[in-house]
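> Questions regarding the structure given below will be posed in turn.
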């Protein structure tokens, strides 16, 4: 590296990212510089006398100092976020071989559902929390019991989330049919709806969870265990390999296919119309042909997404677990789509 003393002092064109980074660093420097000046000025300012029994207003310099600290924190956060965005944008879409997609999710499987051929996998046997992917098993257990879908279920205090403290528009006392509860559980990942479905199962929630684990064993899911019907507990675990089997089994249920891919649903909640939307934005994307979808998130599991989708007239199952960012799982799904389409185009060119 050229030392400062030998630098030729010629202008070198900067890349856009470097310019942004320099601007942020400069702004950060000004913020710190201002903070230092404030501290110096405050030290030179005589302190006000304290009047007994009365609250004395804080010196203006201290208020300015707090504002400067806040600006520094914001500037630092923005700089880190922009650096990370630039790293993602600059990263190649494919691995060093130029063919394999570069994915940020910690565990991934892409499989041809019609043949069982694994097209891509990464940490496929790692056992991890699966969050609301759980609700696919919840739906299967509900439907296996062949209950009346028109029966009205009521949300009670037993359905509230006391583990994570998540909120819901389904307040205590809300009454919906079993079919509506099932739709909201799959489409909008409604935790209270899932909890109510398990509570109204023959034998109650304990029997329901036992049925979930029996179903898991019957499907040959050796890495999968369930402790609740919502996925809010990190004790619901599986592997990407197992979830391929789970998605394949769930895809055999027409209602699960329909409800998990519905874009939105209008429902009367205690006399007021509420609009619930699908937690997977890709179902609203015309470029996708999705046959089943389920998202999931808790802090221990990260962002998760499983789908059955069609590419080149072939059914594929995609499992993405533990994505670190808000949009990473969607970005990974798009990268897989582009990769599969590129592979299909390459095969077509060879045949042509």
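Values quoted throughout were computed directly from the atomic coordinates according to the rules given, and no laboratory measurement underlies them. No experiment lies behind these values; they were computed from the predicted model shown. Heads up, the Cβs are rebuilt from the backbone with ideal geometry, glycines too, and the neighbour counts pull from every protein chain shown.
> Kindly state, to the nearest 0.05, the FRET efficiency for residue 344 paired with residue 179, given R0 = 35 Å and r defined as their beta-carbon distance.
With a Förster radius of 35 Å, E is 0.40.
> Residue 169 to residue 118: extension gain in nm, 0.36 nm per residue of separation minus the Cα-Cα distance?
That works out to 14.4 nm of additional length.
> Rounded to the nearest whole Å³, what is the per residue volume of the convex hull around the Cα atoms of the range 107-351?
117 Å³
> Would you please classify the overall shape of the range 266-352 from the alpha carbon gyration tensor, given that a ≥ b ≥ c denote the square roots of the eigenvalues, rounded means a/c under 1.5, and beyond that prolate means a/b larger than b/c while oblate covers the rest?
Since a/c reaches 1.5 but b/c is at least a/b, the shape of the range 266-352 is classed as oblate.
> Between residue 235 and residue 335, what is 0.36 nm times their sequence separation minus the Cα-Cα distance? Round to one decimal in nm.
Difference between extended and current length: 33.0 nm.
> Give the order of 128, 306, 99 when sorted by the count of other beta carbons within 10 angstrom, beginning with the fewest. Walk me through the intermediate numbers first.
Numbers: 128 20, 306 27, 99 11.
Least crowded to most crowded, the residues run 99, 128, 306.
> Using only C-alpha atoms and all pairs of different ones, pull out the Kirkwood radius for the range 121-251 in Å with one decimal. Walk me through the intermediate numbers first.
Values: mean 1/r = 0.0677 Å⁻¹.
This gives a value of 14.8 Å.
> Related question: For each of 138, 233, 166, count neighbouring Cβ atoms within 10 Å of the residue's Cβ, then give the residues from fewest to most.
Final ranking by Cβ density, sparse to dense: 166, 233, 138.
> Can you put 156, 295, 279 in order of Cβ neighbours within 10 angstrom, beginning with the fewest? Walk me through the numbers before you get to the answer.
Values: 156 14, 295 24, 279 19.
Final ranking by Cβ density, sparse to dense: 156, 279, 295.
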